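Let me begin by presenting the structure, written as structure tokens, before commenting on it.
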Amino acid sequence: MSTKIIVIAILSLSILSCSNKENANSIDQLVSAKNVKALQERKALLQADITKIEEALATLDVKKEEALVSVATLKDTLFNHYLEIQGSVDTKENILIQPEFSGLLTSLNVKAGQKVAKGQILGRVDDAGMSQQLANAENQFSLAKTTFERQKNLWDKKIGSEIQYLQAQTQMISAQKAVAQIKAQLSKTIIRAPFSGTIDEVFVEKGQVVAPSAQGLMRIVNLGNMFVSTSVPETYIGKLKVGTEVDVFLTSLGKTYVGKVRQVGNFINPNNRSFGIEVSIPNPDNMLRPNQVAKLKIIDYTNKTAIVVPTNVVQEDGEGNKFIYTVEGSNGKTGTAKKVVVEIGKSSDNVTEIISGLNENDVIVTEGVNNISEGMKLNF
């Protein structure tokens with residue numbers, strides 16, 4: 001502390017000491033007189049004096065004349081701002097396979113963890129004699145078809161009546177429909193994979209009685225068509241389009257995947273003013289699972305020639321101005337600190353965009369900013 005400041009401090013203490021004694025006597029008199037208005041006025045004056053003293057102390061708070069800092073030279077760079085939201089991993093190919101026919105499970109061809117192809121037979125339910133019904137219906141159809149063909153030959157030769165020809169045709173068609181109906185029912189006894197995937201769980205055993213209303217037979221999941229679903233504030237309408245790239249961070253895996261927006265909702269939820277999106281994500285290592293928590297980073301602003309600085313170097317003065325310390329007169333090793341008021345833009349990934357106040361090739365202080373003041377000599 002300089003000699004001038006010490007002298008000022010001593011004089012200030014002496015003056016304050018004398019004034020304090022006078023103030024104490026005066027305050028005691030006001031208290032004795034119960035003069036509330038005068039006490040309130042004295043309180044306001046004291047508070048104003050305290051504020052002035054604090055401002056003076058802040059002005060006289062001299063920092064070190066020199067400081068060791070780190071600096072960086074600014075360059076134009078690509079700056080992206082991200083919308084960060086949370087979503088949930090899902091797949092549309094994740095279902096419980098239900099039986100379509102009630103009966104005894106006569107065969108079960110798969111187990112948990114097994115990969116299956118679309119259409120593969122997973123099991124069979126007892127058909128309750130429908131195979132025999134089908135055989136009888138096919139015989140009836142064969143007879144009706146033969147009868148119709150003969151009747152048609154006769155009718156083509158103008159032998160017999162038209163009504164006989166039409167009756168034979170009707171019987172053949174009815175028999176054909178009966179066969180198709182039994183086949184359709186019989187196909188329901190065969191349990192097939194609706195899509196290619198992996199059997200995740202099996203809930204039944206061979207020989208168990210199953211029914212459509214009971215618990216599912218098994219769960220099949222396809223991890224090759226994964227996506228993240230989430231809701232986005234309506235203010236981002238027009239900024240998100242199908243094909244927009246999205247960084248998807250899986251907290252449980254500690255990995256980031258690059259996905260793309262594959263669907264943008266057309267409905268605004270009136271409760272939270274948001275719309276839904278789906279982001280498709282690759283799953284080459286089969287590590288993704290439905291219902292995993294994902295954090296999405298979606299680019300909503302880009303500046304290809306931005307001036308950016310580390311967010312922690314931006315400071316604010318007593319008047320609310322944002323400022324940064326730059327280096328003047330740099331010779332590569334030393335320089336002088338200069339306070340530069342700036343206008344900031346968006347912040348992302350610990351950097352902040354500078355709209356005005358700084359230019360390319362300006363040298364800024366990046367470390368040690370809290371230990372310097374304007375005009376101080378800097379070593380770096």
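Quick look at the values:
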item: Residue ID - nearest to the chain's Cα centre (by Cα), chosen from residues in the stretch 254-294 that are among the small types (Gly, Ala, Ser) and assigned to a strand (DSSP E or B); result: Ala294
item: Options Val246, Val242: the member that is in contact with a strand residue (DSSP E or B) (Cβ under 7 Å, 6 or more places away or on another chain), on the phi < 0 side of the Ramachandran plot and in a strand (DSSP E or B); result: Val246
item: Given (1) of a type outside the set (Phe, Trp, Tyr); (2) free of Cβ contacts under 8 Å to residues at least 24 places away in the same chain; (3) within 14 Å of Leu83 (Cβ to Cβ), number of the condition Lys260 does not satisfy; result: (3)
item: Odd one out for Asn361 among (1) touching a Leu at 6+ places or on another chain (Cβ under 9 Å); (2) at pLDDT 90 or above; (3) in a strand (DSSP E or B); result: (3)
item: Criterion violated by Ser70 - all others in (1) exposed (fewer than 14 other Cβ atoms within 10 Å of the Cβ); (2) at pLDDT below 90 satisfied; result: (2)
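Each row is one residue, and each column tells you yes or no for (1) within 23 Å of Met226 (Cα to Cα); (2) in contact with a Pro (Cβ under 8 Å, 6 or more places away or on another chain).
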{"position": "Ser274", "(1), (2)": "yes, yes"}
{"position": "Gln292", "(1), (2)": "yes, no"}
{"position": "Ile299", "(1), (2)": "yes, no"}
{"position": "Asn312", "(1), (2)": "no, no"}
{"position": "Phe323", "(1), (2)": "no, no"}
{"position": "Thr326", "(1), (2)": "no, no"}
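The values are calculated or read from the model by the stated rules, or taken from the named source; none is laboratory data. Note that this is a predicted model, so its numbers are computed, not measured. We place every Cβ from the backbone using ideal geometry, glycine too, and count neighbours over all the protein chains shown.
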